[in-house]
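Student: Provided herewith is a single structure, encoded as structure tokens, for subsequent inquiry.
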Amino acid sequence: MTDTDTAALPPDDPERQLTVTDRDAPDVAQVFLVGDTYSVLISGQQTNGRYCLIDMHVPDGGGPPPHRHDFEEMFTILEGEIQFTFRGDTVTATAGSTVNIPANAPHFFRNVSGQDARLLCMCTPAGQDEYFLQVGDRLESRTARPPQLDDQQLQERKRTALELAAQYRTEMLG
């Protein structure tokens, strides 16, 4: 490495802190959305908007509707089996697999394992974490009983998701 190589690096930002978290930590935001429970492990606020990391608990048959967004999204399957539909083609990823969804590509996923699934989702740049917190229902803990929503409440949540989608660089397709 030459002196010019190290000069290209910006100085360390001492305002940024090391983040160590656990999905059950009291300061981790928990949100119930489309039947899934999402734990925001690392928020965009903590990374200066570079990325966010979300621990997703997806019950059998769960997953989001078809959508696309202008940021990269990467999933690592920790438990279960997730069927990804990407640009109309479907693949199944099992525990230990990692799937990257390129920005702007239409996609969605479903838990097809017959049991609960768990995956980590990293979005770069961040913003998906904020969108989830705006459109979902906050939970006291990851294991808290989610709200039982009636049809009118479900429609309100869907309307809010559609209204805020463009603000969070997302387009709902279904």
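None of the figures in this text is laboratory data; all of them are computed from the coordinates on show. Just so it is clear, the model here is predicted, and its values are computed rather than measured. Cβ sites come from the backbone with ideal geometry, for glycine too, and all protein chains shown count toward neighbours.
Student: Could you calculate the FRET efficiency of Ala103 with Leu78 from 1/(1 + (r/R0)^6), where r is the beta carbon distance between them and R0 is 35 Å, rounded to 0.05?
Tutor: Using R0 = 35 Å, I get an efficiency of 0.90.
Student: In nm, give the distance between the simple-model label positions of Phe86 and Arg50, each being 7 Å from the Cα along the Cα-to-Cβ direction.
Tutor: Reported label-point gap for Phe86 and Arg50 is 2.4 nm.
Student: Does segment 30-123 classify as rounded, prolate or oblate by the C-alpha gyration tensor (a ≥ b ≥ c root eigenvalues; a/c under 1.5 gives rounded; else a/b over b/c gives prolate, otherwise oblate)?
Tutor: Oblate.
Student: Would you tally the net charge around Arg142, using a Cβ to Cβ cut-off of less than 11 Å, leaving Arg142 out, and scoring K and R as +1, D and E as -1?
Tutor: -2
Student: Let me ask another. If one takes the longest principal axis of the Cα atoms in the chain, at what angle in degrees, from 0 to 90 and to the nearest 10, does the Cα axis of helix 151-165 lie?
Tutor: 30
Student: Moving on to the next point. Note the full-extension length gain between Leu149 and Leu173 as 0.36 nm times their separation in residues minus their Cα-Cα distance, in nm to one decimal.
Tutor: Contour length minus the Cα-Cα distance gives 6.4 nm.
Student: Just to verify a number: FRET efficiency for Glu163 and Asp12, C-beta to C-beta distance, R0 = 30 Å, to 0.05?
Tutor: 0.15
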